[in-house]
Amino acid sequence: MILGIDTSSDFSSVALVDETGVQALQVCRSLAGHQENLIPQIDSLFKSSSIDFSQIKALAIAVGPGSFTGLRIGIATAKSLAYIQNYPLIAISTLDALAANFVFPNFQICPMIDNKKGQVYTALYRFTKKGKLIRLSSDQAIEPGMFIKKIKNKTIFLGNGAVRFRNFIRKSFKRAVIIEHNMEPMLNAGHIATLALPLYREGKFADIFSLDPIYLAASGKNSAKLISHV
């Protein structure tokens, strides 16, 4: 069983996931901030399920890109829990987790997260015929138009950034398919923990003491290295 935490947006979510799927999930819009809500939310998750802390094998945390303040709170909480409970810690990219939700082997996948500065956090992926997700680019913080210029093949765009800039994307790139999701958030801790399952089996764990949020400067340079790419 893996405990997942995601505080990369205005929503905080926590989940319990095993090989059979998501066993428990709580999503909360954090109007007062993640710092006040996250620990009570985790406590409520366990109380509302039949799962005990002793059943947890690892902790999965969203490390970004996303809301830097929210990510810092989530990562600090995950580090503390992992240290106290002696859990292995698994770092998951929000872009990886978004892309992994939509298995379309005949399309490229382009998750976009709105950074609220006229840009998006994004990367490009594709699936192999066997369903394995492969990265085609590094993470970038970039204006949608600049990134779209680099894309040649038919591509599925998703995430709140794709929804915000959907009209522009459709006009600029005729081979675009945009997934408009009516429910928020499109990404939650269940996705984070699910993506962590194979990394747990492979023993790919983050260092508790050195793990930091992924921060993307406007140039697209990444100041934090991902633990792994899917």
Please determine, by comparing only the residues of region 157-172 that are crowded, with 21+ Cβ neighbours inside 10 Å and touching a Phe, Trp or Tyr at 6+ places or on another chain (Cβ under 9 Å), which one is farthest from Ser12 (Cα to Cα). Ile169
Given Leu81, Leu16, Leu59, Leu25, which one is outside the structural domain of Ser138 (by TED's automatic domain parsing), surrounded by 14 or more Cβ atoms within 10 Å (Cβ to Cβ), in a strand (DSSP E or B) and out of contact with any Ser or Thr (no Cβ under 9 Å at 6 or more places or on another chain)? Leu59
Here's a check for you: in region 34-50, which residue that is surrounded by fewer than 17 Cβ atoms within 10 Å (Cβ to Cβ) and out of contact with any helix residue (DSSP H, G or I) (no Cβ under 8 Å at 6 or more places or on another chain) is farthest from Pro185 (Cα to Cα)? Ser50
Filter result (more than 18 Å from Ile5 (Cβ to Cβ) and either surrounded by 19 or more Cβ atoms within 10 Å (Cβ to Cβ) or not polar (S, T, N, Q) (or both)) within region 88-109: Ala99, Phe102, Val103, Phe104, Pro105, Phe107, Gln108, Ile109
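The values are calculated or read from the model by the stated rules, or taken from the named source; none is laboratory data. This one's a predicted model, so the numbers in the text were calculated from it and none came from an experiment. Don't worry about glycine lacking a Cβ; one is built from the backbone with ideal geometry, like all the others, and counts go over all protein chains shown.
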